[in-house]
Structures are given as structure tokens and as C-alpha cells.
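Colleague: First the structure, which I've put down as C-alpha cells, then a few questions once you've had a look.
The values are calculated or read from the model by the stated rules, or taken from the named source; none is laboratory data. Not measured: the values here are computed from a predicted model. Because the Cβ atoms are built from the backbone with ideal geometry, glycine has one as well, and the counts that use them run over all protein chains shown. Each accessible area value is taken on the protein alone, full model and side chains, heavy atoms only, with ligands, DNA and RNA left out. Shrake-Rupley method; radii C 1.70, N 1.55, O 1.52, S 1.80 Å.
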Amino acid sequence: MAKVITKYVCQSCGYHSPRWVGKCPNCNEWNTFVEEAPSPLKVSKKPAGAASRVDPVPIEELEHEDVLRWQTGIVEFDRVLGGGIVPGSLVLLGGDPGIGKSTLLMQMAIHLKDSVILYVTGEESARQIKLRADRLQATSVKNILLLAETNLDLIIDIIERGLPDVIIVDSIQTMYRPGLESAPGSVSQVRESTALLLRLAKIRGSAVFVVGHVTKEGVIAGPRVIEHMVDCVLQFEGEAHYSYRILRALKNRYGSTNEIGIFEMHETGLREVPNPSEVFLSERHYGTSGSTVVASMEGTRPILVEVQALVTPTSYGVPQRNTTGVDYRRLSLLLAVLEKRMGMRLGSFDVFVNVAGGVRIDEPAIDLGIAVSIASSLRDVPVDSSSVAIGEIGLGGEIRTIGHIEKRIQEAAKLGFRRVIVPEGNIKGIKPNGDIEVIGVDRVSRAIEELLQ
Ligand code: TYD
Ligand code: MG
């Protein structure tokens, strides 16, 4: 009798081990190993359409296809996709539970009136999906077919019969292939199911959207094993207490990866936010210390947001450092620079930094804004409210040049700001703009002098 070899698979990164281990040697996560039977070499079911074309094709005979995209009409969504849905592509949409993934895909389906959409749900009943569509006030949903099923082999059969243009699989963790012994949601199931859907997309030309859950650490569960397989990885994110939602492309074989789409969740679904700067600045408080407006590039778009800092004496023990919307390590670095280069004594103060509106910004160009906000809160002197601060801070306290300076300045001018503080090194390349005064600074200390009156 053949020996059955089981193996243990890390549910976070897909690492294999012959025995159970507590900590994954690959991704260092704890308690992620689950026993899984090995994937059979041949899964019982014949992969969809595998028998068709196997001959190599001369590359010059292939048609140039990159113009073909289906626009959803949701501008923010199309932009993140790189200009629309590419037929034959597989898109993974990740995000926290309840963030609005199903809502976004349902809205997309409603917008794609001329295409046949198959919505496969493994989480909700068909009735629940219908109720959501009603809530979204869809006028016509004739083009949307619902299927509440989790057996992927059955689903593929159904798809092969009708061949929809777009297939939505909500979610990949609920799907399973009967030929595999492991449970739905395990790495092998997720990987095999994705591989099957990928083949289907490539061979049949349907666009497939797959919903994936995010674990509490912020990674799509089992996703590292499928991220490399799919064409696009989109992440839908937002802070629990805000209605803003941001759609980000983490990977895109058909477009830029740094585009974002901004939405707001309403009673009747997601609404696009075409003018994010205005929205994010709308609740600004004038005259309070610790608030600076920064201009961050999100993809090709500049967005103005308010960076707030609160610096208060530590009442006991170790001083706290806390961030929302910016990287914690970046804050530690900036605090070290302020201490060392500006002589600010922050060791006995708690420091909280927050990006207003619940957005997350990873761009170093907001360093200067963070530093100015901290200095402003420490001294309790408000920052000039008609100015925007842009610049990356180096370890020596110098302000380093940044990209897309003109676009950022234009956005600031458009929103009525009168002054913009930019890195000295950027000044040369800037064309004069009558609406706004541009001031170049080379050190953090200079920027703080300019902005704190
Ligand atoms: P949902 O799309 O089900 O999230 P996910 O698929 O990511 O788990 O959205 C869930 C939340 O959105 C839920 O808390 C209700 C809210 N919501 C609205 O506020 N307005 C709406 O029109 C809809 C459909 C949902
Ligand atoms: Mg859902």
C-alpha cells in the first residue's frame, strides 16, 4: 500500500514542513501550520479547456490587444484597474471583513449593463445578495446571475455552459475543489481554486474577480501564495470609524500600481470622491497647534491632507508614541532627527500623530509636515494655516528633494493656499505660479521658522 505522506503547510505563506512546527521558519508567524494531505498530481476534474491550443505561437502573429478594456463607469475603480477591466484577467480584491468588498463588486456588476455577470457567493445567500442589490438602488439587474455554491468544480461546469463576461467569486476562502482533502480556506484549496480560475480566465477570456479576506495582521489570508499568480491585487481599506474607503492596486500587470480610488460608504452604497483634497480638509480646525497640511502623491494624483500631532508630557513610565495613517517607524526616525538636529527634548513627552480622514500615507514627502506639526504642538504655536509643507527629511535634518513637485503645488494653489514650503533642491525646476508663493528650505529648522509664527 502506498504510504500516505501528509505535510504541514504554513497558512500564512505556504511554507511546507514534514512535521508540525510552532513558528514558521519562512515568515516567522506563530501557530500557522496545519496538516494538509498532499495535492494529488492529477486533480480528478479535467481543467477547464486544457485540451485547447497547446502549440507555441510566433509572437509577431499575436494581435496587439492592450486597447481592449471594459470600462465600468466607476471612474475611481477604472483608474485603479489601469483604465478598465481587462478581459481574461484575474483580479484579487482583499480587505477587512465589512469594509465593502462585496458592495464594490456588486456596484461594478450593476454598472456593467452590457455584460453578463456571474456572481458566485459562498458567504451569503442569493437572497442576501439580492437585498444588497436592492439597497444599491439598481434600476436593472437583468445582466447579473447569482449562484450560491462553493464547489468550484460545479461552478466551473456552470460557467462553461453560459460563459459570462465577468465572474465574481466571493470569497476565494469559501471555495473548494472536491478532489483535494484539505478544508476550504486552507492554502492548498485557495491555491488550487485560484489556479483553476486563472486557467478559466486565460482560456475563456472572462474577467474574474476574486474576493480574499485579510487576516488581522493585514495580509490576505493565504494570499502570499496566490498574489504571484493573479494579474492584479487590489486592496480595499479604510478606518473603522470613517466612511472613506480607499482602493489601492498593490500589483497590476495592466497598469500602474500606485493609483488609488477614493470612495465614501453611504446608505445606498459607495460613492466616488472625485475631489479628495477638499473632502479631507473640510473639517480642519484653524488656529489649533499641531496641524499641518501636506501634499501627498497618490498615484498620479496629488492629495492634500492634514497631518496632526499631539505632544503632551508623559504622566508616567515610558513615553508613548502612537500613529494613525503614517508609519510608526517613520515617526521614531523623525523624532530622533528633531532631538538630535534641533535639540528638541521629546524624551519626556508622549507623541501622537494622525492623518485626518482615516487615510494612510506611506510617502516620505509628508515628513516635513509631521515634523512641523510636532514642533507646533510642542511649542503650542499654530502652523500658518494658509501654507502647505512638502519635503522628505534626511537623517541630518536636511530636506531632500521629492518628485511631482509641480502637481503638488498646483493642487495647493487650486485649493486656495497662498504659500507652499518645498525642498530647496526642487526650486530650480519650478515654473513661477502667480497664485502661490513657493519657498525653498534646506533644513527642518528653516521650515519650522517659516511656518510657526
Ligand atoms: P460588505 O460589502 O458586505 O463588506 P465585505 O464584503 O467587505 O465584508 O459591506 C459591509 C458594510 O457596508 C456593512 O457594514 C454595511 C455597509 N453598507 C452601507 O453602509 N451601505 C450600503 O449601501 C451597503 C450595501 C453596505
Ligand atoms: Mg462580503
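Colleague: I'd like to verify a number: residues in the stretch 162-184 that are more than 16 Å from ligand 1 (Cβ to nearest atom) and either outside any loop (DSSP other than H, G, I, E, B) or farther than 21 Å from Asp96 by Cα (or both), how many?
Modeller: Matching residues across the stretch 162-184 total 14.
Colleague: Mind checking whether some residue in the stretch 413-429 is surrounded by 16 or more Cβ atoms within 10 Å (Cβ to Cβ) and charged (D, E, K, R)?
Modeller: Yes, because at least one residue in the stretch 413-429 is surrounded by 16 or more Cβ atoms within 10 Å (Cβ to Cβ) and charged (D, E, K, R).
Colleague: Right, next: Which condition number in (1) open to solvent by less than 40 Å² (accessible area, probe 1.4 Å); (2) free of Cβ contacts under 8 Å to residues at least 60 places away in the same chain; (3) out of contact with any strand residue (DSSP E or B) (no Cβ under 8 Å at 6 or more places or on another chain) is the one that Thr121 fails?
Modeller: Unmet for Thr121, out of (1) open to solvent by less than 40 Å² (accessible area, probe 1.4 Å); (2) free of Cβ contacts under 8 Å to residues at least 60 places away in the same chain; (3) out of contact with any strand residue (DSSP E or B) (no Cβ under 8 Å at 6 or more places or on another chain): (3).
Colleague: Is there any pair linking a residue in the stretch 136-147 that is under 16 Å from Ile158 (Cβ atoms) to one that is modelled with pLDDT under 90 and of a type in the set (S, T, N, Q), with Cβ under 9 Å and at least six apart or on different chains, and which?
Modeller: Final answer for the pair search is none.
Colleague: Kindly evaluate Gln235 against the criterion of being surrounded by fewer than 22 Cβ atoms within 10 Å (Cβ to Cβ), closer than 23 Å to Leu270 by Cβ and within 14 Å of ligand 1 (Cβ to nearest atom).
Modeller: So Gln235 fails the test.
Colleague: Here is a list: Gly94, Gly98. Which entry is of a type in the set (Gly, Ala, Ser) and either away from ligand 1 (no atom under 15 Å from the Cβ) or open to solvent by less than 60 Å² (accessible area, probe 1.4 Å) (or both)?
Modeller: Gly94
Colleague: If you don't mind, there's one more thing I want to ask. Out of the stretch 262-292, which residues are in contact (Cβ under 8 Å) with a residue 12 or more places away in the chain, within 15 Å of ligand 1 (Cβ to nearest atom) and assigned to a strand (DSSP E or B)?
Modeller: Across the stretch 262-292, the qualifying residues are Phe263, Glu264, Met265, His266, Gly269, Leu270, Glu272.
Colleague: Counting just the residues of the stretch 300-335 that are hydroxyl-bearing (Ser, Thr, Tyr) and either touching a residue at least 12 places away in the same chain (Cβ under 8 Å) or part of a loop (DSSP other than H, G, I, E, B) (or both), which one comes out most open to solvent (accessible area, probe 1.4 Å)?
Modeller: Ranking the candidates gives Tyr316 first.
Colleague: Does Asp362 satisfy the condition of being touching a residue at least 60 places away in the same chain (Cβ under 8 Å), open to solvent by 20 Å² or more (accessible area, probe 1.4 Å), among the acidic types (Asp, Glu) and out of contact with any helix residue (DSSP H, G or I) (no Cβ under 8 Å at 6 or more places or on another chain)?
Modeller: no
Colleague: When you look at Ile390, is it crowded, with 22+ Cβ neighbours inside 10 Å and under 22 Å from Gly299 (Cβ atoms), yes or no?
Modeller: So Ile390 fits the description; yes.
Colleague: Going residue by residue through the stretch 194-201, is there one that turns out to be at pLDDT 90 or above, in the same structural domain as Gly95 (by TED's automatic domain parsing), within 22 Å of Val233 (Cβ to Cβ) and open to solvent by 60 Å² or more (accessible area, probe 1.4 Å)?
Modeller: Looking for residues that are at pLDDT 90 or above, in the same structural domain as Gly95 (by TED's automatic domain parsing), within 22 Å of Val233 (Cβ to Cβ) and open to solvent by 60 Å² or more (accessible area, probe 1.4 Å), one finds at least one in the stretch 194-201, hence yes.
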